[in-house]
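One structure is given below, encoded as structure tokens.
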Amino acid sequence: AITPAKKTEPKEAMKAGPDETAPVVKEVKLSSDGKSIEVKIEEENPSEEGWSYSYKKEGQEDRITGSSKENEFSITPSGDGTYSDFQIEGKDASDNSLTFAEGVEETLENLTIVIDETAPKVTKAEKSEDGKSISVTIVEENPSTDWWSYSYKKKGQEAAITGTSTGNSFSITPDGDGTYSEFQISGKDKYNYDLEFAEGVQQALANLSPMI
């Protein structure tokens with residue numbers, strides 16, 4: 001006798017379980033202007049609540065907090081001050097806690113942002129006692145990365161004479177016999193703020209004419 005084949009019931013399709021791949025902070029670094037921290041997170045399930053971050057401002061007890069739902073975002077402190085102790089945390093949609101790639105959390109802990117929006121200022125420009133040079137004093141919090149530039153003209157010569165200095169107190173000393181005028185000073189600090197002049201100093205500089 002032929003035994004009839006047993007009817008095979010179709011197997012129930014396996015349901016996918018929750019994603020167990022934790023989101024990872026892949027990179028943290030200072031922005032090119034040094035005023036913010038750029039963050040890159042790799043994850044499969046976007047966070048529903050957003051990624052949370054916090055940091056401390058020097059001299060202030062409470063932490064400053066913020067959040068972002070983007071996988072690439074910037075942490076940008078506001079106002080003059082020194083900022084450190086940056087932290088990032090959060091969970092993805094599958095409740096997996098944020099983790100860090102090797103070395104990234106340590107890098108984050110060591111990052112510091114210093115913001116100083118005070119422009120550098122020339123507070124003095126006057127002739128030296130012997131009348132052969134001009135003494136310049138600049139007040140600034142953040143040294144220039146490109147030096148301070150100056151220029152002037154020699155009577156009877158068309159091209160301007162130029163020079164630079166990295167110091168905050170320096171002298172502009174023309175070389176050779178002649179009458180020198182049209183002195184100018186310019187530059188930016190490392191946060192790209194243009195050199196300014198205290199009241200009356202720029203006019204005084206323009207009126208100086210050392211003779212050698």
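For region 26-75, what does the alpha-carbon gyration tensor say about shape, rounded, prolate or oblate, given a ≥ b ≥ c as the root eigenvalues, a/c under 1.5 as rounded, and a/b over b/c as prolate?
Oblate shape, in that a/c is at least 1.5 and b/c is the bigger or equal ratio.
Exposed loop sites here are trypsin sites (Lys or Arg not before Pro) in DSSP loop states with at most 13 other C-beta atoms within 10 Å. What is the longest stretch of the chain lacking them?
70-154
Per residue, how many Å² of accessible area does the chain show with a 1.4 Å probe?
Value returned for the chain: 65 Å² of accessible area per residue.
Compute the signed sum of charges (Lys and Arg +1, Asp and Glu -1) over the other residues within less than 11 Å, Cβ to Cβ, of Ser78.
Net of charged neighbours comes to 0.
Show me the three semi-axes of the equivalent ellipsoid for the chain, from the C-alpha gyration tensor (sqrt of 5 times each eigenvalue), largest first, rounded to whole Å.
66, 19, 11
Lys56: net charge of surrounding residues, Cβ under 14 Å, Lys/Arg +1, Asp/Glu -1, itself excluded?
That works out to -3.
Pick from Ala93, Ala159, Ala22 the residue whose mean-square fluctuation is largest in a GNM of the chain, springs joining Cα atoms under 10 Å.
Ala159
Between region 84-113 and region 167-202, what is the separation of their alpha carbon centroids in Å?
Cα centroid to Cα centroid, the span is 45 Å.
Computing the accessible area with a 1.4 Å probe over protein heavy atoms, can you report the carbon and sulfur percentage for region 167-212?
So the carbon and sulfur contribution to the accessible surface is 42 percent.
The values are calculated or read from the model by the stated rules, or taken from the named source; none is laboratory data. Since this is a predicted model, take the numbers as computed values, not measurements. Glycine gets a Cβ as well: all are built from the backbone with ideal geometry, and neighbour counts include every protein chain shown. The accessibility values were calculated without ligands, DNA or RNA, using every heavy atom of the protein model including side chains. Shrake-Rupley method; radii C 1.70, N 1.55, O 1.52, S 1.80 Å.
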